[in-house]
Amino acid sequence: MEQQKKMVKQVIDFQKTAFDNSFNVITLAQEQMEKVVDIHLSQAMWLPEDGKKVINQWVDTCREGRENFKKAVDNNYQKVEDFLAGAYKE
């Protein structure tokens, strides 16, 4: 039983690490694109301020969605770990 517990824990840890690493790469790419958008918006004199405001709101919404997704995934990994810890105590 102890070997089984250890193996399940390793699988969950591996999945969480893989997710975290992938998420970090995606976050870096999105942050880089945010910088590119900022540069282009600062140079786009033809774009009205309302248009720039909408684009900035879109970027903020994407960032917020990404952060909420990460929190939800982390919360659910914690629930799995708590469940497994309780299951193995019994």
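Overview of values
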| item | result |
| --- | --- |
| Among (1) at pLDDT 95 or above; (2) loosely packed, with under 12 Cβ neighbours inside 10 Å, the one test that Thr27 misses | (2) |
| Residue within the range 51-62 that is under 30 Å from Val11 (Cβ atoms) and among the aliphatic types (A, V, I, L, M) present | no |
| Residue that is within 21 Å of Ala85 (Cβ to Cβ) and aromatic (Phe, Trp, Tyr), where the choices are Phe69, Phe19, Phe23 | Phe19 |
| Pair list, Cβ < 6 Å and 6+ apart or interchain, from the range 54-75 residues that are touching a residue at least 24 places away in the same chain (Cβ under 8 Å) and closer than 21 Å to Ala44 by Cβ to residues that are in a helix (DSSP H, G or I) and among the charged types (D, E, K, R) | Val59/Glu34 |
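Residue-by-condition table, conditions (1) exposed (fewer than 12 other Cβ atoms within 10 Å of the Cβ); (2) within 17 Å of Lys16 (Cβ to Cβ); (3) touching a strand residue (DSSP E or B) at 6+ places or on another chain (Cβ under 7 Å):
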{"site": "Leu41", "(1), (2), (3)": "no, no, no"}
{"site": "Ala44", "(1), (2), (3)": "no, no, no"}
{"site": "Leu47", "(1), (2), (3)": "no, no, no"}
{"site": "Asp60", "(1), (2), (3)": "yes, no, no"}
{"site": "Gly65", "(1), (2), (3)": "yes, no, no"}
{"site": "Val73", "(1), (2), (3)": "no, yes, no"}
{"site": "Tyr77", "(1), (2), (3)": "no, yes, no"}
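So that you can scan it fast, the table gives a plain yes or no per residue for (1) closer than 19 Å to Val54 by Cα; (2) touching a Pro at 6+ places or on another chain (Cβ under 6 Å); (3) of a type in the set (Asp, Glu):
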| position | (1), (2), (3) |
| --- | --- |
| Glu2 | no, no, yes |
| Lys9 | no, no, no |
| Lys16 | no, no, no |
| Asn21 | no, no, no |
| Leu28 | no, no, no |
| Asp38 | yes, no, yes |
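The values are calculated or read from the model by the stated rules, or taken from the named source; none is laboratory data. Bear in mind the structure is a predicted one, so any value in this text is a computation, not a measurement. Ideal geometry is used to build each Cβ from the backbone, glycine not excepted, and the neighbour counts take in all protein chains shown.
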